[in-house]
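**Q** My questions will all concern the structure given below.
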Amino acid sequence: VIRCRAAVAWAPGKPLSVEEVEVAPPKAGEVRIKLVATGICRTDEHLLQGCFPKAEFPVIPGHEGAGIVESVGEGVTSMKPGDKVIPLCHPQCGECSFCRNPESNYCQKFHFSEPQNLLPDKTSRFSCKGKQIHHFLWVSTFTEYTVVPEYAVAKIDAAAPLEKVCLFGCGFSTGYGAAINAAKVKPGSTCAIFGLGGVGLSVVMGCKAAGASRIIAVDINKDKFAKAKQLGATDCINPRDFKKPIQEVLTEMTGQGVDYSFEVIGHPDTMIAALASCNMSTGVCVMVGELDSGSEISIDPTLLLTGRTWKGTVVGGWKPRASIPKLVSSYLEKKFNPDLLITHTLPFAKVNEGLELLRAGKSIRTVLLY
Ligand code: COD
Ligand code: ZN
C-alpha cells in the first residue's frame, strides 16, 4: 500500500480537499501509475457539480493525466514498471464486438455501458480516513498514484514530456479526432466550431490540419478568439453580437451553411444551432459536447430530410490504446502543437485554484504538476 496525496471530492458542490490517501497494490490485470501531470477538463467540473447521476461520492476526479508505471498486477504483459503511460478515460478492451470492429472506437467497457465508479470488479483501491473512495472513469488522476485496468492504459514513447502529453488523455485527442475521424474534414471545406475550450480549440487544430479553407470559431467569450486565430481560425464570432440566430449568420457568411459544424459545449440550444448551421444537403454536424443526463432536445426533422448528417463521437473516434501512442509520436515529430492549449501550470496542491480558472473562463487548460 502506498500513502500519498490526492484531491478528494467528499460531496457534490464542495471544494476538493487534498488529503493523504492509501492506494492499494494493483490486482490481476491492473496497473499502478505514479502520476506526473494532469490537465483539468470541464468533465471534472461536471462530476463535482453532481452531473453524473450514477457517480458516487467521495471520489477522486481527474481523467487527463500522464505518468509512469510503478507496479503491475498478475498477468499484465503490455507494460512494466518505468514505462511512460497515459491512463484512458475511454478504454479499449480489445474483446467486445465494437473493439473487434475496425469501424468503431466505442468500447463496451466504457462508462456509458457500465455506469459505476469503482474498478471493474466493483471494489476500490483508494481509501482515506478509513473510508472507501470512488474512482472516476476508471482512471482518477487527481492523485499521486492511481490504479487502472490494463485495458485503460496506453504505453507511450519514452521521450514524451508527460507535463504536455497529459492532454492526449482527453481534450486534445477528443477535439482533434472529431475533425479528423468523425467529420473527416476535406481540404478546401468550411467549418464552424461552437465552443472554444480546450476541446473546441483542438477541433480548430484538426480542421486546420485537414486543410479546411475557412474555420469559423463561435464563442460567447471573446477572450478565446486570439488563441483560436493562433490555432487556425479564419473568423471568430460572438452570437451575442447579432440580433438574428447564429445559424442564420453562419448561413449568410458561407452562402449555404458550412460543410462541417461541431458542438463542443454541451447545451441544447447550441446543439440545434450547430445542426442548422451546416448545409442542408452534404453538411455534417458532429456533437462532441454532452448534455446533462436526462435532458432532451427536439428538432424539426426536415433538418435531416434533405441529407444532413448528425453524429456524435467519443474521444475523437480513436481506438485509444492503439491510436494515442501514435498521436504522441506525431506530436514528438512536431505535426501539431497542443502545448498552445496550456495556459496555466500549477502545483497539484492548487487544484481548486485550477478549477476556479476554468469556471471563470480564464484558462484553456491548467496542468497540475505532482
Ligand atoms: N455559445 C457559444 N459558446 C459557449 C456557449 C454558448 N451558448 N456557452 C458556453 N460557451 C463556450 C464557453 O465560453 C467556453 O469557451 C466553451 O464554450 C466551453 O469550453 P470549456 O473550457 O468549458 O470546456 P472543455 O473544452 O474543457 O470541454 C467541453 C466538452 C463539451 C467536451 C465537455 O463539457 C463535455 O461535454 N464533455 C463530455 C463529452 C466528452 O466526450 N468529453 C470527452 C471526455 S471528457
Ligand atoms: Zn475530459
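**Q** For the chain, with a Gaussian network of springs between Cα atoms less than 10 Å apart, report the residue from Ser329, Ser173, Ser140 with the top mean-square fluctuation.
**A** Sorting by GNM fluctuation, first place goes to Ser329.
**Q** With a 10 Å Cβ neighbour count serving as the proxy for reagent exposure, in which order, fewest first, do Arg3, Arg321, Arg365 appear?
**A** With the sparsest Cβ surroundings first, the list reads Arg3, Arg321, Arg365.
**Q** On a 0 to 90° scale, report how tilted helix 198-209 is relative to the longest principal axis of the chain, with both axes built from alpha carbons and the result rounded to the nearest 10.
**A** Taking the Cα atoms of the chain, the angle to 198-209 is about 60 degrees.
**Q** Let me ask something else about it. Taking amide hydrogens as modeled 1.01 Å from N in the peptide plane, which residues meet the under 5 Å criterion relative to Val36, leaving out close sequence neighbours?
**A** Close amide H contacts, sequence-distant or interchain: Ala66, Gly67, Ile68.
**Q** Mind giving me the FRET efficiency for Glu74 and Glu20? R0 is 25 Å, r the Cβ-Cβ distance, nearest 0.05 is fine.
**A** Values: r = 28 Å, r/R0 = 1.11.
E between Glu74 and Glu20, to the nearest 0.05, is 0.35.
**Q** Now a separate question. Using a Förster distance of 30 angstrom, determine the FRET efficiency expected from the C-beta separation of Ala360 and Asn337, and round it to 0.05. Please list the in-between numbers first.
**A** Values: r = 25 Å, r/R0 = 0.84.
Step by step, r from the Cβ atoms, then E = 0.75.
**Q** Under 13 Å from the Cβ of Gly13, count the other residues' Cβ atoms, weight Lys and Arg +1, Asp and Glu -1, and hand me the total.
**A** Working: positive: Lys14, Arg359; negative: Glu45.
My count for the surroundings of Gly13 gives +1.
**Q** Could you please state, rounded to a whole Å, how far the C-alpha centre of the stretch 75-151 is from the C-alpha centre of the stretch 152-166?
**A** The two parts, judged by their Cα centres, are 16 Å apart.
**Q** Less than 24 Å apart at the alpha-carbon level, and either on another chain or at least 8 residues along: which lysines does that give for Lys311?
**A** The reachable lysines, counting only those whose Cα sits under 24 Å from Lys311, are Lys109, Lys184, Lys186, Lys208, Lys319.
**Q** Of the listed pairs Lys14/Lys350; Lys224/Lys326; Lys54/Lys131, which have alpha-carbon separations greater than 24 Å here? Before the final figure, lay out each step's value.
**A** Numbers: Lys14/Lys350 15 Å; Lys224/Lys326 29 Å; Lys54/Lys131 19 Å.
Where the Cα-Cα span goes over 24 Å, the pairs concerned are Lys224/Lys326.
**Q** What are the GluC sites (Glu not before Pro) within the stretch 294-370 that DSSP puts in a loop, where the Cβ has at most 14 other Cβ atoms within 10 Å? List each step's numbers first, then the result.
**A** Values: sites: Glu296, Glu333, Glu353, Glu356; in loops: Glu296, Glu333.
Within the stretch 294-370, the qualifying GluC sites (Glu not before Pro) (loop, at most 14 other Cβ atoms within 10 Å) are Glu296, Glu333.
**Q** Ok, one more. Under 5 Å between amide hydrogens, which residues at least 5 positions from Ser261 or on another chain qualify, with H placed 1.01 Å from N in the peptide plane?
**A** For Ser261, the qualifying residues are Ala192, Val284, Cys285, Val286.
**Q** Read phi for every residue in the stretch 160-165 and hand back ³J(HN,Hα) as whole Hz from Karplus 6.51 cos²θ - 1.76 cosθ + 1.60, θ = phi - 60°, with x for Gly and Pro.
**A** These are the phi-based 3J(HN,Hα) values: 6, x, 5, 6, 10, 6 Hz.
**Q** On C-alpha positions alone, give me the angle between the axis of helix 320-332 and the longest principal axis of the chain, in degrees, nearest 10.
**A** So the inclination is approximately 80 degrees.
**Q** Compute the distance in nm between two label points, each set 7 Å from the Cα along the Cα-to-Cβ direction, one at Leu369 and one at Lys311.
**A** Label-label distance for Leu369 and Lys311, simple model: 4.0 nm.
**Q** Using a ≥ b ≥ c from the Cα gyration tensor of the stretch 195-328 (square roots of the eigenvalues), is it rounded, prolate or oblate, where a/c under 1.5 gives rounded and otherwise the larger of a/b and b/c decides, a/b for prolate?
**A** Numbers: a/c = 1.45, a/b = 1.16, b/c = 1.24.
Judged from the Cα gyration tensor, the stretch 195-328 comes out rounded (a/c under 1.5).
**Q** Oh, and also: Taking θ as phi - 60°, what are the ³J(HN,Hα) couplings along the stretch 275-282 by the Karplus curve (6.51, -1.76, 1.60), each to the nearest whole Hz, with x for Gly and Pro?
**A** Going residue by residue, I get 4, 6, 7, 8, 5, 5, 10, 9 Hz, with x marking Gly and Pro.
**Q** What residue among Ala228, Ala182, Ala158 has the largest mean-square fluctuation in a Gaussian network model of the chain, using Cα springs under 10 Å?
**A** Answer for the Gaussian network model of the chain: Ala158.
**Q** In deg cm²/dmol and to the nearest 500, what is the mean residue ellipticity at 222 nm of the chain if only DSSP H runs of at least 4 residues count, each as -39500 (n - 2.57), divided by the residue total?
**A** Working: 11 runs with 86 residues, N = 370.
Helices in the chain give a 222 nm mean residue ellipticity of -6000 deg cm²/dmol.
**Q** Right, here's the next one. Output wanted: per-residue J couplings in Hz (rounded whole) for the stretch 52-58, from phi through Karplus 6.51 cos²θ - 1.76 cosθ + 1.60, θ = phi - 60°, x for Gly and Pro.
**A** For the stretch 52-58, the Karplus curve yields 9, x, 8, 7, 9, 10, x Hz.
**Q** Give the separation of the Cα centroids, the stretch 249-293 to the stretch 305-370, in Å.
**A** 21 Å
**Q** How much length would be gained if the chain were fully extended between Leu304 and Thr282, taking 0.36 nm per residue of separation minus their Cα-Cα distance, in nm to one decimal? Show your work: numbers first, answer last.
**A** Values: separation 22, 0.36 × 22 = 7.92 nm, distance 1.02 nm.
Difference between extended and current length: 6.9 nm.
**Q** Relative contact order for the stretch 112-161 using alpha-carbon pairs under 8 Å, separation at least 6, rounded to a whole percent? Mind dumping the intermediate values first?
**A** On the way: 37 pairs, mean separation 13.7, N = 50.
That works out to 27 percent.
**Q** Quick check: pseudo-label points 7 Å beyond the Cα along Cα→Cβ at Leu291 and Asp157, how many nm apart are they?
**A** Between Leu291 and Asp157, the label points sit 4.1 nm apart.
Laboratory data are not the source of any read-out in this text; all were calculated from the coordinates shown. Just so we're clear, the structure is a prediction, and the values are computed from it rather than from any experiment. No Cβ is skipped: glycine too gets one built from the backbone with ideal geometry, and neighbour counts run over all protein chains shown.
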